[in-house]
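This report refers to the structure that appears directly beneath it.
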Amino acid sequence: MKIGIIGTGAIGGTIAKKMAAAGHSVKVNSSGDIDKLNARAEELGVVAATLTDVVKDVDVIILSVPTVAIPTLPKDLLANVPENVIVVDTSNYYPFRDADIEEIKDGKVESVWVSEQLGRPVIKAFNNLLAETLVNGGKESGAKDRIAMAVAGDDIEAKKVISDLINDAGYDAVDSGDLSESWKHQPGTPAYCTELTAEELKQALCDGVKEEAPSLRDKTIVDLSSLPSYPSHSDVVEYNRGLFQKNPKSV
Ligand SMILES: NC(=O)c1ccc[n+]([C@@H]2O[C@H](COP(=O)([O-])OP(=O)(O)OC[C@H]3O[C@@H](n4cnc5c(N)ncnc54)[C@H](OP(=O)(O)O)[C@@H]3O)[C@@H](O)[C@H]2O)c1
């Protein structure tokens, strides 16, 4: 497939590298200057593109920028992008980083808000695994204990396409429902960054409580940042799992 990715950080960059390794044609853009972008694209083994070109002549566009950056994208960025091109949002809203977005703070589902900003449907995917999990946690299809990723959206066919890309990246895909249900894998839920198998993730998606998620999200940041040294990756995963009485890993 032809894939355009905006954002070449921990998540966008890793997706770019994995999609290129799986044989897809990948171009990328980020907010940095062109020399920095060229160097990053070379490092990832993909092609650097302008913001205008990164969304042209592609099958899938992946937005992997902080939530707060979404409204700063040009308003007409997707105006000429055909309807059948799938737009994926990887973002997670963190007030400490993204500043106040009142509608999300008032309970609007994050990717519903993103979709409204862009003026077109999005699929939410690649958001419920830590960057390090995305880099190192992939396994062959069918492998024991393969980690799963949630994919939400209103278009079933589009979700199948993105599920295939998730499989190419090394993860099982679990359909988490329509976009309004994507809160089930936002920060502060049992499905978020807990490295579950497909069966475990299906259960975790049922166990989250929408109203409790924002306070658990904020508690996570306070707890982890107050530790004397930054916790290891496995400590973060264990912390996330331990937030819930019913640890999904033991389901
Ligand atoms: N890190 C994680 O573990 C994780 C896991 C799942 C989902 N996510 C979510 O995925 C998104 C990306 O996360 P990340 O960790 O990859 O972030 P990151 O490492 O900070 O990278 C963000 C990327 O977005 C680019 N960017 C920022 N503003 C932009 C703009 N206005 N236009 C174009 N590009 C812009 C940055 O460009 P420059 O390179 O030029 O600065 C950078 O390439 C976030 O919403 C995050 O919450 C993160």
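The values are calculated or read from the model by the stated rules, or taken from the named source; none is laboratory data. None of the values given here were measured: they were computed from a predicted structure. Note that each Cβ is placed from the backbone with ideal geometry, even for glycine, and that neighbours are counted across all protein chains shown.
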Filter result for the condition that a residue is modelled with pLDDT of 95 or more, within 13 Å of the chain's Cα centre (by Cα), surrounded by 18 or more Cβ atoms within 10 Å (Cβ to Cβ) and among the aliphatic types (A, V, I, L, M), over ALA158, ALA150: ALA150
Hits in the range 11-48 (condition: assigned to a helix (DSSP H, G or I), surrounded by fewer than 18 Cβ atoms within 10 Å (Cβ to Cβ) and within 13 Å of the ligand (Cβ to nearest atom)): ILE34, ASP35, LYS36, ASN38, ALA39, GLU43
Within the range 49-59, tally of residues that are closer than 20 Å to ASN167 by Cα, surrounded by fewer than 22 Cβ atoms within 10 Å (Cβ to Cβ) and either among the β-branched types (Val, Ile, Thr) or in contact with an Asp or Glu (Cβ under 7 Å, 6 or more places away or on another chain) (or both): 0
Members of the range 191-210 found to be in contact (Cβ under 8 Å) with a residue 40 or more places away in the chain and more than 23 Å from ALA143 (Cβ to Cβ), listed by number: ASP207, LYS210
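Among the residues of the range 112-165, how many are in a helix (DSSP H, G or I), closer than 12 Å to VAL87 by Cα and within 14 Å of the ligand (Cβ to nearest atom)? Quick ask: steps written out before the conclusion?
We begin by selecting, within the range 112-165, every residue in a helix (DSSP H, G or I); these are 112-118, 131-136, 156-165.
When the remaining residues are screened for being closer than 12 Å to VAL87 by Cα, the result is 114-115, 118, 158-159, 161-162.
Imposing the further condition that a residue be within 14 Å of the ligand (Cβ to nearest atom) reduces the set to 114, 118.
Residues in the range 112-165 being in a helix (DSSP H, G or I), closer than 12 Å to VAL87 by Cα and within 14 Å of the ligand (Cβ to nearest atom): 2 in total.
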Residue within the range 73-89 that is at pLDDT 95 or above, polar (S, T, N, Q) and within 14 Å of the ligand (Cβ to nearest atom) present: no
